[in-house]
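Report on the structure given below.
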Amino acid sequence: MRRVRMRSGGGLRAILYTLQKARQSGGVRRFYRRMAARNACKTCALGMGGQQGGMTNEQGRFPEFCKKSVQAQAADMQPPIPPEFFARHSLPELLRWTPRELEHAGRIGFPLHAGPGDEHFRRVGWDEALDRIATALRSTPPERAMFYSSGRASNEAAFLLQWFARAWGTNHVNNCSYYCHNASGVGLSRALGSGTGTVDLDDLARADFAMVLGANPASNHPRLIPPLVDLRARGGQVVIVNPIRELGLVRFRIPSRPLSLLFGSRVSDRYLQPRVGGDVALIVGMIKRVLERGAEDRTFIERHTTGFEEVERAAREAPWRDLEEGSGLRREEIEDVADLYAASRNAILFWAMGITHHEHGVGNVLALANLALVRGMVGRPGAGLCPIRGHSNVQGVGSVGFTPELKQAFREAMQREFGLQVPRFKGYSTYESMVAASEGRLDFALLLGGNLYGSNPDLAFAGRALRSIGLTVNVSTKLNSGHVHGRGRDALILPALARDEERQATSQESMFSFVRLSDGGAPAPTAEMRSEVEIIGALARRVLPPSRIPWEDLTNHAVLRAAIARIVPGYAPLGELDRSKREFTVAGRIRHTPEFPTVDGRARFHVTPLPPRNDDGALALVTVRSEGQFNTVVYEEEDVYRGQERRDVVMLHPQDAARLGFREDQRVRVIGEAGVLEDLLVRFLDVAPGTAVLYYPEANVLLARRIDPDSGTPAFKHGRVRLEPMTVAPGRADPVPAGARR
Ligand code: SF4
């Protein structure tokens with residue numbers, strides 16, 4: 001494949017790609033019908049579609065879609081994997097398949113089983129599969145089982161499964177946000193009393209300043225780019241903070257706008273490239289400058305916050321030299337963006353996993369909350385804080401209780417409704433579940449979507465942990481590395497319907513706390529695929545004794561929505577949604593007044609010390625997603641925005657490459673704290689010096705299990721690696737280690 005150098009993100013190439021995918025999926029008309037159906041977009045949490053029609057956002061703007069949504073839709077429209085596939089391809093062979101090859105094998109069309117010592121998955125019937133699960137659960141003590149959900153699951157499925165897990169007796173209920181934005185939830189809860197973002201899309205239309213930290217929405221949330229371009233067109237400023245200079249955050253050709261498509265649109269006014277882990281130093285420096293200019297909002301601070309004096313003192317006393325060294329930025333650069341911020345009327349701070357994926361992820365989020373509070377940028381229209389979340393319903397899964405701990409009101413409501421006694425023992429977070437599995441303390445795991453194996457640091461550990469579980473049950477639409485590398489001693493894969501194939505409507509919540517209703521209704525690729533709710537209901541009827549809980553009724557999604565409406569705070573309109581079709585913003589989330597759900601009603605400042613720096617000479621490892629992937633799912637090998645045609649590369653600043661004696665395309669061994677990757681190609685990238693950039697999830701094999709103690713989130717953006725040259729022996733195509741010629 002040829003390396004392509006682009007000069008802007010988006011553009012004609014994205015349109016041609018869409019047409020190509022549409023043709024591959026059975027024709028443009030068929031593809032358009034699927035995209036335009038009244039379903040929430042299946043990809044990112046920005047949220048599109050629903051009752052206003054597919055590709056329409058909550059402001060009624062059309063067409064709102066992107067390559068990510070096209071990729072996900074095309075992947076779901078693949079034909080089912082034929083039964084002979086599993087006879088032809090053994091498990092040892094599938095272990096060698098890349099994430100992309102597994103994704104492109106097709107849809108999983110029937111239940112699959114592999115027992116201890118089996119070399120192949122084999123097709124089984126639903127009764128056999130469900131009986132195996134029921135038998136395993138009957139012999140498993142509740143504290144030795146876990147239930148996990150990705151953000152793919154609907155609110156109805158996630159609510160029912162957490163309910164089932166608790167009725168059966170366990171609190172080991174956790175979700176994928178522990179590995180992405182839990183640091184945001186913890187940080188925002190401490191600062192504001194609520195763990196979700198404080199703005200909606202209308203706020204973005206009113207803002208005159210946006211700062212986007214540790215995120216690459218041009219690749220991962222593409223429809224966030226047009227509102228940023230519009231903000232600039234109104235005379236506002238956009239500041240990007242990212243160690244990597246991402247092409248799509250500099251210039252983007254918005255395919256749905258002819259002028260932008262032709263000439264491109266500038267996305268950012270300033271682009272800071274701090275060193276990895278330098279965000280707290282940058283933010284403290286910005287606060288220091290705001291205070292020096294007297295640009296803080298004293299009235300807001302006095303009336304609506306606590307803890308300001310300590311933060312003020314820490315910022316005023318912080319030496320500029322420490323802030324410069326800590327951030328890797330010059331004082332003038334920090335002061336410059338702080339001045340823009342100080343002059344703004346309505347500012348929104350956005351961030352993603354470049355902020356949360358650190359051992360001090362919560363500290364990063366608290367620093368951002370301080371920055372917003374110091375100018376009173378929370379609690380009024382047009383301003384606020386917004387974590388850019390990943391999967392389309394990751395926020396909803398948490399809202400409906402798929403978490404190890406339930407808030408008291410939620411727990412009491414579950415008890416009141418159906419007499420459910422929620423177990424009292426402390427549930428495992430996602431990482432705690434992995435540790436428990438590795439220590440032989442788990443016999444059963446039900447994984448509703450996602451790829452838990454691939455989402456872990458230290459993949460050797462993750463594989464060992466999951467393989468030591470007695471029975472793993474994956475409810476999936478397509479194959480992924482978790483099915484083979486993270487397969488329990490006994491393993492089942494159950495084929496699930498995609499969102500737009502559901503036989504009953506489902507609901508999803510976006511990162512702006514907007515709840516959509518998806519009609520479903522597209523034909524299922526095989527008759528054996530079942531909805532997530534159907535599967536959970538069938539399991540509950542097999543496993544649980546008769547009780548006040550009407551499990552039969554609870555496979556009716558409208559009944560589930562009515563229960564969610566009564567139990568989940570802010571979700572009351574969900575009970576009427578089938579009739580009203582009126583999608584809604586969860587009450588109490590968007591902060592347009594300075595009222596905070598804390599004990600004293602005030603927001604809270606927190607002192608955020610500068611994190612320690614590693615000066616051991618190793619490169620800081622940052623794992624990234626490519627433009628051709630979403631989370632662990634790899635749709636395309638190429639990453640066009642970074643000019644990479646393959647994924648087995650390590651991207652370095654040219655100065656680092658020169659300092660270390662590497663040239664472009666040289667083969668190297670990358671030695672991480674937990675593992676080694678052989679035979680990667682050195683590639684140059686405009687990235688903060690001292691950084692090595694590799695693709696997630698393949699590079700997770702290198703990462704030690706450095707976990708943020710406050711949120712349980714692994715430091716996927718802050719590992720340590722060293723590089724060694726590899727040489728190719730004469731007459732050999734494959735490299736051998738330097739100094740070890742054969
Ligand atoms: S930006 Fe996100 S929600 Fe919008 S179309 Fe793209 S993937 Fe879907």
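No lab work stands behind these numbers, since they all come straight from the coordinates. Because the structure is a prediction, the values reported are computed rather than measured. Cβ placement follows ideal geometry from the backbone for every residue including glycine, while neighbour counts extend to all protein chains displayed.
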Rh (Kirkwood, all Cα-Cα pairs) for segment 427-488, Å, reads 11.3 Å
Distance cut-off 17 Å, percentage of C-alpha pairs in segment 469-583 lying past it: 65 percent
The chain - charge dipole about Cα centre, Lys and Arg +1 at Cβ, Asp and Glu -1, debye rounded to 20: 1260 debye
Could you tell me which trypsin sites (Lys or Arg not before Pro) in segment 164-269 are loop residues by DSSP with no more than 12 other beta carbons within 10 angstrom of their beta carbon? Arg234
One computes Rg over Rh for segment 283-348 from alpha-carbon atoms, with the Kirkwood Rh, and obtains 0.98
Bin by bin, in steps of 5 Å, what percent of the Cα pairs in segment 5-131 do you find, going until the bin that has the longest distance? 2, 9, 15, 16, 15, 12, 12, 10, 6, 3, 1, 0
Within segment 376-398, backbone nitrogen closer than 20 Å to the virtual label 7 Å beyond the Cα of Ala409 toward Cβ: 379, 395-398
Roughly what % antiparallel, to the nearest 5, for the DSSP beta bridges in the chain? 45 percent
Calculated over segment 182-387: convex hull of Cα atoms, volume per residue (Å³): 110 Å³
Rg followed by Dmax, in Å, when segment 554-692 is reduced to its Cα trace: 24.8, 67
At q = 0.24 Å⁻¹, what is the base-10 log of I(q)/I(0) for segment 179-225 according to the Debye formula with one equal point scatterer per Cα and no solvent? Please give it to two decimals. -1.12
From the residues Ala436, His358, Ser580, which one has its Cα farthest along the dipole of the chain in the positive direction, the dipole being from +1 and -1 charges on Cβ of Lys/Arg and Asp/Glu about the Cα centre? Ser580
If I take all pairs of Cα atoms in the chain, what percentage of them are more than 48 Å from each other? 13 percent
How large is the direction-averaged shadow of the alpha-carbon convex hull of segment 619-737, in nm²? 7.9 nm²
Convex hull volume per residue in cubic angstrom - Cα atoms of segment 485-527: 125 Å³
